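Comments concern the structure below.
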Amino acid sequence: AWYVPCLASLETLQELCRKENLRCKSIGITNRSLKSYEVEYLCDYKVDEGTEYYLVKWKGWPESSNTWEPLKNLKCPVLLQNFLSDQNEYLSRVKEGKALKVKNHVKALKPAVADYIVKKAKQRIALRRWKEELNRKKNHKAMILVENTVDLEGPPLDFYYINEYKPAPGINVINGITTGCECSDCPAEKCCPKEAGFLLAYNKRKKLKIQPGLPIYECNSYCRCGPDCPNRIVQKGTPYSLCIFRTNNGRGWGVKTLQKIKTNSFVMEYVGEVITSEEAERRGQLYDNQGNTYLFDLDYDSDEFTVDAARYGNVSHFVNHSCDPNLQVFNVFIDNLDLRLPRIALFSTRTIKAGEELTFDYQMKGSIDLTSDSADGLSPSRKRIRTVCKCGAVCCRGYLN
């Protein structure tokens with residue numbers, strides 16, 4: 001039987017076809033294309049009789065088709081630069097951080113160096129494909145970038161990007177709302193927040209003006225107001241370009257902003273699978289053994305449901321904890337007014353500089369004082385095994401839980 005991996009890239013499908021001597025016009029494998037060659041990455045280096053050669057991995061061809069090509073034939077300056085940078089990076093790490101340049105008289109690379117260069121090239125390709133996938137699936141205009149200058153870790157293998165809650169069977173996250181405000185210029189006296197008995201959450205500059213613990217009621221799909229309504233913020237998605245990056249202190253992936261974020265600005269939603277609290281307890285037992293969890297209780301009004309962002313989520317899946325965070329959680333209601341199922345939005349607690357990592361407190365305390373009631377309403381699921389905190393904040397509590 002002949003099979004291919006699910007969701008394989010175009011290049012992988014082409015490699016499999018060429019390896020099995022198959023033709024497939026839909027993915028560009030025809031008799032004519034069998035003679036087309038493009039450098040995908042460089043694998044190795046040697047000098048033979050005074051001539052420099054690079055081992056070339058050809059795009060869309062299996063590794064068994066790799067060939068040694070003289071430097072003068074290669075027209076890929078970026079790939080050559082990547083090769084040399086990866087080579088120097090490996091040697092620098094071997095020398096405990098001391099920069100080391102490759103000497104001109106080297107005739108061939110050691111197998112360990114070549115192996116690292118190939119792994120780094122494959123990682124670079126995998127991260128680029130992942131970045132493209134994330135940007136295809138997102139529903140907002142801002143870009144998502146991916147960066148790893150720390151290790152050889154590639155994209156997570158069991159993570160699927162979603163833009164909104166993914167309800168488990170039997171859970172309805174849309175409660176069939178059929179009415180909205182009649183405002184022609186929100187906010188008006190009978191706008192959505194006031195109908196719910198609360199204040200409008202945003203000021204004229206579309207910045208948050210309510211205290212933590214209070215809910216946000218935005219205009220919904222049945223409201224008379226248009227998309228430019230000042231009471232439509234969270235539903236538009238993150239307005240900032242963000243970068244998922246590999247941290248250098250053992251915290252795995254993190255998220256940093258590529259743009260300046262002003263105080264009290266909406267940054268992103270926390271989404272995932274919506275499951276029952278009973279199911280959350282069962283999964284929590286498994287996650288404890290891994291030393292991390294993405295369970296977040298929806299306990300604004302009750303504790304019936306939990307959001308699990310372990311496998312399904314958005315950029316917020318990668319946001320790390322800090323005991324001194326720059327993001328704060330708020331409960332949001334838009335097309336679902338069920339108090340058991342609020343949407344979770346993260347807002348900035350202060351001005352955040354471009355390039356700064358985004359964090360929130362997994363216990364929902366820290367830089368903003370909460371009353372005990374509001375803290376109970378926002379806290380994530382309690383973990384059973386204490387996890388050491390690596391946030392590095394001056395006020396670090398020592399543990400995430």
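Selection of the range 266-286 for residues being over 17 Å from LYS166 (Cβ atoms) and either outside the structural domain of LEU157 (by the TED database) or surrounded by 20 or more Cβ atoms within 10 Å (Cβ to Cβ) (or both) yields PHE266, VAL267. Consider the range 205-237 and keep the residues that are assigned to a loop (DSSP other than H, G, I, E, B) and basic (Lys, Arg). The one that is least open to solvent (accessible area, probe 1.4 Å) is ARG232.
Does TYR202 fit the bill of being in the same structural domain as ILE261 (by the TED database), of a type outside the set (Asp, Glu) and under 30 Å from ILE117 (Cβ atoms)? No, not satisfied.
Scanning the range 1-25 for residues being farther than 19 Å from TRP130 by Cα, of a type outside the set (A, V, I, L, M, F, W, C), at pLDDT 60 or above and part of a loop (DSSP other than H, G, I, E, B) gives a total of 3.
Only a single item in (1) modelled with pLDDT of 90 or more; (2) surrounded by fewer than 17 Cβ atoms within 10 Å (Cβ to Cβ); (3) touching a strand residue (DSSP E or B) at 6+ places or on another chain (Cβ under 7 Å) is not met by TYR45, and it is number (2). When TYR312 is tested against (1) within 30 Å of THR178 (Cα to Cα); (2) modelled with pLDDT under 95; (3) surrounded by fewer than 22 Cβ atoms within 10 Å (Cβ to Cβ); (4) not acidic (Asp, Glu), only condition (2) is not met.
Number of residues in the range 177-202 that are more than 13 Å from ILE216 (Cα to Cα), over 34 Å from the mean Cα position of the chain (by Cα) and hydrophobic (A, V, I, L, M, F, W, C): the value is 3.
For every residue, the table says whether it meets (1) in contact (Cβ under 8 Å) with a residue 12 or more places away in the chain; (2) more than 30 Å from ARG136 (Cα to Cα).
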| site | (1), (2) |
| --- | --- |
| TYR165 | yes, no |
| ALA168 | yes, no |
| ASN175 | yes, no |
| THR178 | yes, yes |
| ALA188 | no, yes |
| ASN203 | no, yes |
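Condition (residue is over 25 Å from TRP130 (Cβ atoms), in contact (Cβ under 8 Å) with a residue 12 or more places away in the chain and of a type in the set (Phe, Trp, Tyr)) applied to the range 317-324: is it met by at least one residue? The answer is no, given that none of the residues of the range 317-324 is over 25 Å from TRP130 (Cβ atoms), in contact (Cβ under 8 Å) with a residue 12 or more places away in the chain and of a type in the set (Phe, Trp, Tyr).
The values are calculated or read from the model by the stated rules, or taken from the named source; none is laboratory data. As the structure is a computational prediction, the values presented were derived from the model and not from experiment. Heads up, the Cβs are rebuilt from the backbone with ideal geometry, glycines too, and the neighbour counts pull from every protein chain shown. Surface accessibility is based on the protein's heavy atoms, side chains included, excluding ligands, DNA and RNA. Shrake-Rupley method; radii C 1.70, N 1.55, O 1.52, S 1.80 Å.
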